[in-house]
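Derivation of every value follows stated rules applied to the coordinates shown; laboratory data play no part. Small disclaimer: the values here were computed from a predicted structure and weren't measured. FYI the Cβ positions are ideal-geometry reconstructions off the backbone, even for glycines, and counts take in every protein chain you see.
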Amino acid sequence: MINTGFIGGDFGYHVLRYAGRHAVRQPACDGSAYRHRSKIETLLGPGIWEALAGKVVLDFGCGVGIDTIEFARRGARRVIGLDIREDVLEPARRGADTAGVADRCVFTTATDERVDVIVSIDGFEHYADPEQVLRTMRQLVRPDGRVFITFGPPWFHPLGGHLFSVFPWAHLLFTEKALIRWRSDFKSDGATRFCEVAGGLNQMTVRRFRTLVDRCDFAVERFEAAPIKRLRRLSNALTREFVTAMVRCELSPRPAAAERTP
């Protein structure tokens, strides 16, 4: 984990309380950016539908199944919605039934079925063990399959702290302890670390994610650190971590050691 923040103690806590009361809430993560258009197509491009057509697809971290249902409606032969939270899967099943695709969707907390395509949207900044998630994906995708991943904002983005980004980069200026103390004013789940909040935050950076991918028997077909539109001109090798809005990539499985020809 990244040790960030230098403003702490009672002073940091009271500054956060003041800022939290007066902050203009950003709509960056409320889904409004995808209103009247497909989130999947916006994030992964229109070519995603051809890649999924007639395929068995695993929606990794499916939540309430909105994307799972769209995959089925847009041509996937069958879609597995996978999420460790059982409480979100029943609404997902109801949604698939309402959409008329229940016969092509299954929602579960575990699977060992190998699939043609794995898609992960907005998950890799939250997983407690992202390297193990990548290794699990490698086990579940067929040798000729594809993995599509997109997530953001990464940790060094102005709002990379999600809820903790009371104002841009606040999560990097204040100590974890001060931020958690401020959060406890309106959340009662007992979290004491970023990784313990609802959904979890693993402080994922662009560089860290690329390093994990390179360690997990995947070949990188495409890797993009898409910059914040307003800061596009400032994006370069030195500023990339701070101006990247989202990461998206396409991976193909390299033969595992046991599958390689001697």
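Here are the numbers:
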{"quantity": "Net charge contributed by nearby residues that have their C-beta within less than 9 Å of Val220 (K/R +1, D/E -1)", "calculated": "-1"}
{"quantity": "Sum of side-chain charges, Pro154 neighbourhood, beta-carbon under 12 Å (Lys, Arg +1; Asp, Glu -1)", "calculated": "+2"}
{"quantity": "Cα radius of gyration and Dmax for the chain (Å)", "calculated": "19.4, 64"}
{"quantity": "Proximal charge balance of Ala53 [Cβ under 9 Å; K/R count +1, D/E count -1]", "calculated": "+2"}
{"quantity": "Prolate/oblate/rounded call for the range 148-262, Cα gyration tensor, a/c under 1.5 rounded", "calculated": "oblate"}
{"quantity": "Set of lysines near Lys39 by C-alpha distance (under 28 Å), chain-local residues within fewer than 8 positions excluded", "calculated": "Lys55, Lys229"}
{"quantity": "Angle between the chain longest axis and helix 130-140 axis [Cα atoms, degrees, rounded to 10]", "calculated": "10"}
{"quantity": "Where N is the number of residues in the range 187-248, Cα Rg divided by 2.2 N^0.38 Å", "calculated": "1.42"}
{"quantity": "Set of lysines with alpha-carbon distance to Lys187 below 25 Å, sequence-local pairs under 8 removed", "calculated": "Lys177"}
{"quantity": "The chain: relative contact order as a whole-number percent, Cα under 8 Å and 6+ apart", "calculated": "20"}
{"quantity": "Coil-residue chymotrypsin sites (Phe, Trp or Tyr not before Pro) of the range 175-262, DSSP, other Cβ within 10 Å capped at 12", "calculated": "Phe186"}
